[in-house]
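To keep things clear, I will list the structure first and then write my remarks on it.
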Amino acid sequence: MEKQIITIKPESKIVIGTVPGDLRVRGGEVPELIAKTDGSELTVADHDGIVEIACDGDLILSLPQQAGIQVEKVEGDLNVRGLLGAVSVKETENNCAISHIGELDLEAVGGDLVLRHANGAIRAKAVGGDASLRHAHGDVQLDQVGSDLYLRDVRGNVKAIAGEDIVAYLEPIADASYSMTSGKDIVLRLPANVDLQINAAAGRQIRVAFSDMVEEAFSGVYSTTFGNGSAKANLTAGGGILLTNRGDEWEARVDFDVDDGSFVWEKFASAGVDLGARMAEMGVRMGEMGADIGNRVAERMAHVNIRSERVRERAEAAARRAELKAQAALRRAEQKMRQTERETRHREHRARRWNVNFESQPTPSAPPKPRVSDEERMSILRMLADKKITAEQAEKLLSALEGGK
């Protein structure tokens with residue numbers, strides 16, 4: 001454990017290279033920087049308001065709340081809270097939790113993004129998992145969200161693309177623009193009285209369910225204007241779209257949302273990282289994602305079960321075909337044996353009837369001896385029935401007995 005404390009300018013810019021673990025940043029009112037790592041190396045250098053920090057493990061920072069940070073890469077999770085200066089992160093490999101900040105610029109988030117309370121513009125170029133944003137009082141631009149997107153109380157323009165569902169509760173402001181594109185469904189909840197022009201296009205049905213209107217359903221495209229239509233919304237969904245001011249269906253879809261008060265941040269006590277706080281934070285993240293992940297896992301497991309059932313049915317059908325084929329071959333062999341016995345008895349009967357003296361007759365030349373007798377054929381089929389040989393092996397042996405036919 002390494003620790004350093006230095007006094008810095010309140011508006012300092014903190015520059016961090018690659019953090020090999022988790023990064024935790026908290027803004028405060030004291031004009032000093034406290035840096036701690038669980039590794040063995042920690043360097044802090046203040047170059048007239050630009051503070052450079054490097055470490056070889058997890059990094060915990062306490063900064064003046066006016067400070068801004070610039071991070072090259074975080075190889076673990078990123079947590080930032082209480083910074084009024086700009087937050088810029090080029091890459092974080094895992095999850096990202098941000099709360100009570102000013103401006104945010106993220107290049108790439110490998111996991112999920114959770115944001116609560118931002119007073120500046122929010123930009124995320126690529127989020128690998130889910131994204132949940134609440135109380136963002138600036139423009140929001142999400143160029144690519146790999147999975148689901150949840151929005152609530154956004155007081156600026158919105159431009160967002162999500163690979164799966166988008167669930168949003170918007171209170172449109174005058175002249176604002178909302179552009180949302182979803183690979184699956186879009187659920188948009190609006191206030192009862194709203195000024196908004198909507199243009200929607202969906203791969204499936206577009207439902208309009210407002211409390212003072214008869215519920216309607218449209219296919220393909222839909223356009224309407226509420227109030228004076230000063231704000232504009234363009235919605236594109238690969239699945240369906242629901243436009244509503246009712247809470248029932250909206251509440252059923254918001255599984256990722258949490259109360260802001262449940263965020264837990266590590267305390268910067270001299271004893272180091274509080275393991276209990278870290279576990280509590282992990283519990284919050286799991287609570288946010290639990291219901292949604294559970295639904296996805298259940299859906300994927302259903303597909304797996306269906307596919308496994310189909311494979312099992314095909315295997316059973318193949319086994320039945322092989323068994324029927326072996327039984328048919330066994331019956332043919334038995335019929336051939338019975339036919340041979342009947343022919344032998346018939347020849348003997350004719351010989352007795354005509355008093356043929358076999359001893360006085362010239363001995364005919366013996367017919368070629370069969371390569372394998374019927375008894376041996378029966379043995380092969382019984383070995384197949386007893387699963388001592390495979391159906392393919394039995395078929396090859398029987399084919400050889402029958403002269404390759």
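For every residue, the table says whether it meets (1) farther than 17 Å from N234 by Cβ; (2) in contact with a strand residue (DSSP E or B) (Cβ under 7 Å, 6 or more places away or on another chain).
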site	(1), (2)
L170	no, yes
S177	no, yes
V214	yes, no
A217	yes, yes
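Looking at the range 209-219, is at least one residue β-branched (V, I, T) and either assigned to a strand (DSSP E or B) or at pLDDT 90 or above (or both)?
If we filter the range 209-219 for residues that are β-branched (V, I, T), which is where we start, we get 214.
Applying the additional criterion that residues be either assigned to a strand (DSSP E or B) or at pLDDT 90 or above (or both) yields none.
Checked the range 209-219: no residue is β-branched (V, I, T) and either assigned to a strand (DSSP E or B) or at pLDDT 90 or above (or both).
Inspect all residues belonging to the range 175-191 and state whether any of them is in contact with a Ser or Thr (Cβ under 8 Å, 6 or more places away or on another chain), of a type in the set (K, R), in a strand (DSSP E or B) and within 24 Å of G128 (Cβ to Cβ).
no
Checking the structure you have, find out if any residue of the range 176-191 is loosely packed, with under 14 Cβ neighbours inside 10 Å and not acidic (D, E). Give the derivation first.
Taking the range 176-191 and keeping what is loosely packed, with under 14 Cβ neighbours inside 10 Å, we get 191.
Add one more test, that the residue is not acidic (D, E), and what stays is 191.
Within the range 176-191, one or more residues are loosely packed, with under 14 Cβ neighbours inside 10 Å and not acidic (D, E).
Could you pull out the residue among E103, E171 that is of a type in the set (D, E), over 28 Å from the mean Cα position of the chain (by Cα) and farther than 20 Å from V25 by Cβ? Before the answer, list the steps.
Numbers: E103 fails: farther than 20 Å from V25 by Cβ.
Result of the check over E103, E171: E171.
Would you check which residues across the range 192-204 are among the hydrophobic types (A, V, I, L, M, F, W, C) and not in a strand (DSSP E or B) and list them? Don't jump to the end; show me each part of the working.
In the first step, residues of the range 192-204 are kept if they are among the hydrophobic types (A, V, I, L, M, F, W, C); the result is 192, 194, 196, 198, 200-202.
Of everything in the range 192-204, those that are among the hydrophobic types (A, V, I, L, M, F, W, C) and not in a strand (DSSP E or B) turn out to be A192, V194.
Which strands (runs of 3 or more DSSP E) sit wholly inside the range 2-63 and have at least 1 residues that are touching a Gly at 6+ places or on another chain (Cβ under 6 Å)?
Correct list: 13-19, 23-28, 32-37, 50-55.
Considering only the range 30-41, I want to know if a residue exists there that is surrounded by fewer than 17 Cβ atoms within 10 Å (Cβ to Cβ), among the β-branched types (V, I, T) and out of contact with any strand residue (DSSP E or B) (no Cβ under 6 Å at 6 or more places or on another chain).
Looking for residues that are surrounded by fewer than 17 Cβ atoms within 10 Å (Cβ to Cβ), among the β-branched types (V, I, T) and out of contact with any strand residue (DSSP E or B) (no Cβ under 6 Å at 6 or more places or on another chain), one finds at least one in the range 30-41, hence yes.
So which of E91, E107, E171, E103 is touching a Gly at 6+ places or on another chain (Cβ under 6 Å) and of a type in the set (D, E)? Steps first, please.
Values: E91 fails: touching a Gly at 6+ places or on another chain (Cβ under 6 Å); E107 fails: touching a Gly at 6+ places or on another chain (Cβ under 6 Å); E171 fails: touching a Gly at 6+ places or on another chain (Cβ under 6 Å).
Unique residue meeting the criteria: E103.
Could you tell me whether any residue of the range 178-191 is in contact (Cβ under 8 Å) with a residue 12 or more places away in the chain and more than 30 Å from G110 (Cα to Cα)? Break it down into steps so the answer makes sense when it comes.
Applying the first criterion (in contact (Cβ under 8 Å) with a residue 12 or more places away in the chain) to the range 178-191 yields 178-191.
Now drop any that are not more than 30 Å from G110 (Cα to Cα), which leaves 190-191.
Scanning the range 178-191, I find at least one residue that is in contact (Cβ under 8 Å) with a residue 12 or more places away in the chain and more than 30 Å from G110 (Cα to Cα), so the answer is yes.
Kindly indicate which of I8, I53 is farther than 17 Å from I98 by Cα, out of contact with any helix residue (DSSP H, G or I) (no Cβ under 9 Å at 6 or more places or on another chain), buried (at least 16 other Cβ atoms within 10 Å of the Cβ) and modelled with pLDDT under 95. It would help to see each step written out before you state the result.
On the way: I53 fails: modelled with pLDDT under 95.
When all the criteria are applied, what remains is I8.
Does E91 qualify as being part of a strand (DSSP E or B) and either of a type in the set (V, I, T) or in contact (Cβ under 8 Å) with a residue 12 or more places away in the chain (or both)? Let's see the steps before the verdict.
Working: part of a strand (DSSP E or B): yes; either of a type in the set (V, I, T) or in contact (Cβ under 8 Å) with a residue 12 or more places away in the chain (or both): yes.
Considered against the rule, which asks whether it is part of a strand (DSSP E or B) and either of a type in the set (V, I, T) or in contact (Cβ under 8 Å) with a residue 12 or more places away in the chain (or both), E91 comes out as yes.
The values are calculated or read from the model by the stated rules, or taken from the named source; none is laboratory data. Not measured: the values here are computed from a predicted model. Glycine also receives a Cβ, built like all others from the backbone with ideal geometry; neighbour counts cover every protein chain displayed.
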